[in-house]
1. Could you identify which residue out of P184, P155, P132 has the top mean-square fluctuation in a GNM of the chain using Cα springs shorter than 10 Å?
2. Suppose accessible area is computed on protein heavy atoms with a 1.4 Å probe; arrange D66, D109 from highest to lowest.
3. Between N97, N79, N32, where does the largest GNM mean-square fluctuation fall for the chain, given springs only between Cα atoms within less than 10 Å?
4. Kirkwood hydrodynamic radius, segment 108-182, all distinct C-alpha pairs: what's the number in Å?
5. What does the convex hull of the Cα atoms come to per residue for the chain, in Å³?
6. Within the P(r) computed for segment 49-121, what percentage of the Cα pairs occupies the region above 19 Å?
7. With a ≥ b ≥ c the root eigenvalues of the C-alpha gyration tensor of segment 172-230, is it rounded (a/c under 1.5), prolate (a/b larger than b/c) or oblate?
8. I need the shape label for segment 208-261. Rule: rounded when a/c is under 1.5, else prolate if a/b > b/c, else oblate, with a, b, c from the alpha carbon gyration tensor.
Amino acid sequence: MGISFHITSVREGTIFNVMQFLSLEKVTGVLNISFGRNIPEVLIHFTAGKAAAAEFGNLQGEQILDMLLCQEYAVKEVNFAPGRESQFKEQSIIKANSLSGAMLNASKDVDKCAARPFIFGLLPMNFPQTGPAESLLHVFYGFEKHEAYLKSIKPSEADKEAPLPQCVLLHRALSRNVATYQTPLVPLKSFRPLLELVQPLEEKEAENLRGYMRSLLPHPRATHMPLERFYAFASAVESIAYRRGPEAGDEARRVIYRLIQSTTKLNEAINV
């Protein structure tokens, strides 16, 4: 009987480590990568230890490795089931000579991607012509539904480069508010007035706050935080402010209220 496993605790580097293990064990079968109950799974076909092909709807082949490394924070489960050599579409074939080479290329792609700070895989989206999408990952999966509309948006000097053409088009639409996330987003740069109220932070306070912020971001290079997660972060900052005194605490609460108000009003205006 071949190797099989089920992983539910996915951390940074898990996907790469799993794929390396499967390559070393020279397995044949299918690696299923899940982002959650309502999102289609990524399928990576292994043949005698070679990552032969990858499928995720309209996203195919080595493009999927880029997407997985970018959105690894969103992965919920990883399963491998041994089996016979699979049949797959030609466009889904991973052409790199080795898994290490393919993953290295994907890592370089993600590192230099200028669109990534605004690409949040799990957030639902709105498109004025093609309707809502349950998540940005659903958009990747069924990209043909939105492609014509996204390509109709004229390029500009503000466009960001990305290894995936889908991300170039999505960032263009999101940055111009012609496609939007359904979830209100708070820009990280707007946190400055709030954080200034609790300066200087003790070393332990600063370390805890940085770690907490990282845990609440959609991914490490995100430029925005979803509003519901901002509530949690703001509560932590407010607690620190009240330890400074009632005046600092009350002012922190006022700043938080203004940030929430401006975020929700902007979101309502965009989605009218």
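1. Largest GNM mean-square fluctuation: P155.
2. Putting D66, D109 in descending order of accessible area: D109, D66.
3. Ranking N97, N79, N32 by mean-square fluctuation puts N97 first.
4. With all distinct Cα pairs of segment 108-182 included, I get 12.3 Å.
5. Dividing the Cα hull volume of the chain by its residue count gives 146 Å³.
6. I get 40 percent for the Cα pairs in segment 49-121 exceeding 19 Å.
7. Here segment 172-230 falls in the prolate category.
8. Numbers: a/c = 3.22, a/b = 1.64, b/c = 1.97.
Judged from the Cα gyration tensor, segment 208-261 comes out oblate (a/c at least 1.5, b/c at or above a/b).
The values are calculated or read from the model by the stated rules, or taken from the named source; none is laboratory data. Since we're looking at a predicted model, the values are computed, not measured. Surface areas here come from the heavy atoms of the whole protein model, side chains and all, with no ligands, DNA or RNA. Shrake-Rupley method; radii C 1.70, N 1.55, O 1.52, S 1.80 Å.
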